[in-house]
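The values are calculated or read from the model by the stated rules, or taken from the named source; none is laboratory data. This structure is a prediction, so every number in the text was calculated from the model and none was measured. Backbone-built Cβ (ideal geometry, glycine too); neighbour counts: all protein chains shown. All accessible areas refer to the heavy atoms of the entire protein, side chains included, with ligands and DNA or RNA removed. Shrake-Rupley method; radii C 1.70, N 1.55, O 1.52, S 1.80 Å.
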Amino acid sequence: MQNKTINTNYLDYIKNIEKLISKIFLNIKQIIILWFYIFYKQPKINRKDRKVREYIYLSNYEDDWDNYKYKKYEYWYNDGSKDRPKRFRIHKIITRIIIVLLIIIIVIYYLPYIKQILQILQTSINNISTTIQSTITYKQSTINSTWVFQFFSIVNQYRQSIDAPPLQYCPWLDEFAYIRFKTMIQNPSISHYGFDQDFSEYLSQYQNFLIIGEEGLYPSDYTPSEYVQVLQSKAPIHWEGLIDSNYTYYGYYIGYGPTYAIIGSCPVTEIPGPDINIPKYFQSYGCSTELENNTWLVIELSNWCNGPITLPVSVINEDLPQQYYVYLPIQYNLPTK
């Protein structure tokens with residue numbers, strides 16, 4: 001639909017410009033014909049005392065001029081018409097002046113139309129640029145916070161059907177998802193590139209009790225419900241991670257960066273784990289890939305979140321009923337965006 005709009009606007013602008021140009025240059029055609037006639041259809045007049053050298057090759061080696069001689073010829077001219085070339089030069093000068101003045105008059109007379117053409121060109125360029133930019137922005141902004149919340153609402157419905165606790169939003173995990181996105185796009189050929197290093201740098205103090213699961217998804221052009229079906233059919237490993245009952249919190253980051261896409265059909269449709277060379281993995285199944293920019297949805301799943309955290313007492317003391325909760329504060333040192 002966006003491409004059709006661009007083509008329609010472009011054709012309208014071109015038609016308007018053609019009409020204005022035809023109106024402006026309606027009389028210029030006759031001027032050009034006159035100009036051509038004056039400068040190219042005049043009878044040739046030989047100039048006075050014009051001389052030409054004609055070289056003649058001689059095969060006589062005894063010639064004193066090193067085998068070459070020339071003869072001088074003079075073109076004939078009419079002694080009674082000595083003033084004729086001068087008159088024609090004056091006529092040509094006058095004609096040129098008249099033509100230049102006519103062009104200036106036409107430009108001045110049609111100046112509003114010329115300005116209108118320039119305005120139409122400028123407007124068309126701006127509109128086409130805006131339309132293209134809006135198309136790109138539309139594609140990149142399809143995935144936003146509303147989309148993500150709807151997506152996890154559907155995920156939680158499936159989790160409920162298997163008696164898994166719902167995933168709750170955790171802004172603290174957003175920070176780590178942002179860090180992970182910046183790391184992964186540095187080397188998109190390796191799945192979940194740099195996870196261990198980032199975890200050691202930012203979350204090592206929680207390694208004794210923190211469980212982190214990471215999902216790198218590319219949901220462009222899908223609705224939340226459609227993408228759930230895509231994960232279930234084409235990425236079952238990633239779907240199992242989303243409904244894993246060990247995770248109770250999630251954070252996310254939406255970014256735009258390089259990733260590998262499959263060209264044509266392929267028997268495999270997901271990467272089964274971290275630190276896998278993505279192009280080589282698909283090539284081993286006879287598939288072709290290409291590097292392209294796409295929308296990333298980086299999801300960090302965890303059993304913990306920052307600040308006061310509700311944790312069933314049964315995790316600490318199984319003798320107590322699970323409806324009792326204890327609040328445990330957690331401090332973190334993640335950098336802000």
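Worth a mention:
- Residues (buried (at least 18 other Cβ atoms within 10 Å of the Cβ) and in contact with a helix residue (DSSP H, G or I) (Cβ under 6 Å, 6 or more places away or on another chain)) located in region 218-233: 219, 224, 228, 231
- Hits in region 169-184 - residues which are open to solvent by less than 10 Å² (accessible area, probe 1.4 Å) and not in a helix (DSSP H, G or I): 170
- So residue 324, is it at pLDDT 95 or above and farther than 25 Å from residue 202 by Cα: no
- Residues of region 234-281 classified as touching a helix residue (DSSP H, G or I) at 6+ places or on another chain (Cβ under 8 Å) and either part of a strand (DSSP E or B) or among the β-branched types (Val, Ile, Thr) (or both), total: 15
- Residue in region 294-305 that is under 22 Å from residue 188 (Cα atoms), small (Gly, Ala, Ser) and open to solvent by less than 60 Å² (accessible area, probe 1.4 Å) present: no
- Region 190-217 - residue that is in contact with a Ser or Thr (Cβ under 6 Å, 6 or more places away or on another chain) and outside any loop (DSSP other than H, G, I, E, B) and, of those, least open to solvent (accessible area, probe 1.4 Å): 198
- Residue check, residue 253 hydroxyl-bearing (Ser, Thr, Tyr), out of contact with any Ser or Thr (no Cβ under 8 Å at 6 or more places or on another chain) and under 25 Å from residue 289 (Cβ atoms): yes
- Taken together, the residues in region 145-179 that are under 19 Å from residue 295 (Cβ atoms) and among the charged types (D, E, K, R) amount to 1.
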